[in-house]
Amino acid sequence: MPRRGLLIILSSPSGAGKSTLAKRLMTWDPEIRFSVSATTRAPRPGEQEGREYYFRSRAEFEAMIAAGEMLEHAEVFGNFYGSPKGPVEQAMGEGRDTLFDIDWQGGQQVRNSTLGQDVVSIFVLPPSIAELESRLRGRAQDSDEVIAGRMRKSRDEISHWAEYDYVLVNDDLEATAARLRGIIEAERLRRERQPGLTEFVRGLNREFEARGTV
């Protein structure tokens, strides 16, 4: 039965496993599209328009904001980043889900947008702060100073956990990925997300009438 697509918001502090879970979710269902952000920063070598980002001038980006064409946006280190509404609306109309890898502030903007009724927000928590730091150090990508900064930011991010529809403690990746899939499957079946359901039930009633049982 046809349904409207979901806007899946996945947030977590750095190191809690959000990116890995997002990849698992899209492997499970390749029809889930990842939301491609727009940005005012210049393309880096190898980046392509519409794949990594939609590259826009500052004037173009500000015009999109003024026209209500951005679901969420923020300015980071002098450049704008945000999620264009058009591609998301198209996916929703085709019954495909869109995955957003954004922080609590971006998630709040999307929930408050005109598409907020179809948002499913999920926050991923680490099993402990010690494990969170261990995962960050295990990447062997950042300096002690950068890791300390990420840890400080994590406390603020975790403080917003109660704003989300679902909260998962990522103590076991496979189990957490399975719970995430369960959430998506259940949300897809919600009555209000199946616009054809009313007409289907009317058809059942017409069958009753044809049988003379009413």
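The values are calculated or read from the model by the stated rules, or taken from the named source; none is laboratory data. These numbers were taken from a predicted model, which means no experiment stands behind them. Quick reminder, even Gly has a Cβ in these numbers, built from the backbone with ideal geometry, and neighbours come from all protein chains shown.
Numbers for the structure displayed
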item	result
Per-region count, the range 167-183, residues more than 14 Å from Pro126 (Cα to Cα) and in contact with a helix residue (DSSP H, G or I) (Cβ under 7 Å, 6 or more places away or on another chain)	2
Enumeration of residues in the range 110-168 that are surrounded by 14 or more Cβ atoms within 10 Å (Cβ to Cβ), under 27 Å from Arg96 (Cα atoms) and polar (S, T, N, Q)	Ser113, Ser121
All positions within the range 77-90 that are out of contact with any Lys or Arg (no Cβ under 6 Å at 6 or more places or on another chain) and either in contact (Cβ under 8 Å) with a residue 60 or more places away in the chain or part of a strand (DSSP E or B) (or both)	Phe80, Tyr81, Gly82, Ser83, Pro84, Val88
Residue in the range 15-23 that is without any contact (Cβ under 8 Å) to a residue 40 or more places away in the chain and of a type in the set (Lys, Arg) present	yes
Residue list for the range 170-179, restricted to those being in contact (Cβ under 8 Å) with a residue 24 or more places away in the chain and surrounded by 15 or more Cβ atoms within 10 Å (Cβ to Cβ)	Asn170, Thr176, Ala177
Complete set of residues in the range 24-46 that are without any contact (Cβ under 8 Å) to a residue 60 or more places away in the chain and surrounded by 13 or more Cβ atoms within 10 Å (Cβ to Cβ)	Val36, Ser37, Ala38, Thr39, Thr40, Arg41
Members of the range 58-68 that are in contact with a helix residue (DSSP H, G or I) (Cβ under 9 Å, 6 or more places away or on another chain) and modelled with pLDDT of 95 or more	Met64
Candidates Ala22, Ala74, Ala42, Ala16, filtered to the one that is assigned to a loop (DSSP other than H, G, I, E, B) and under 30 Å from Ser128 (Cα atoms)	Ala16
Tyr53, sole failed condition from (1) closer than 30 Å to Gly138 by Cα; (2) in contact with a His (Cβ under 8 Å, 6 or more places away or on another chain)	(2)
Enumeration of residues in the range 59-94 that are over 16 Å from the mean Cα position of the chain (by Cα) and crowded, with 19+ Cβ neighbours inside 10 Å	Phe61, Met64, Phe80
Scope the range 20-59; condition within 15 Å of Arg96 (Cα to Cα) and of a type in the set (Phe, Trp, Tyr); matching residues	Trp28, Phe34
Subset of the range 28-43 (residues that are in contact with a Ser or Thr (Cβ under 6 Å, 6 or more places away or on another chain) and either among the hydrophobic types (A, V, I, L, M, F, W, C) or more than 18 Å from Asn79 (Cβ to Cβ) (or both))	Arg33
Long-range neighbours under 6 Å by Cβ, at least six apart or interchain, first residue closer than 20 Å to Ser159 by Cβ and small (Gly, Ala, Ser) within the range 110-125, second modelled with pLDDT of 95 or more and crowded, with 18+ Cβ neighbours inside 10 Å	Ser121/Ile9; Ser121/Tyr164
Pairs with Cβ under 7 Å, 6+ apart, first in the range 54-70 and farther than 18 Å from Ser113 by Cα, second outside any loop (DSSP other than H, G, I, E, B) and of a type outside the set (Phe, Trp, Tyr)	Tyr54/Ala38; Tyr54/Pro84; Phe55/Thr39; Phe55/Glu49; Arg56/Ala38
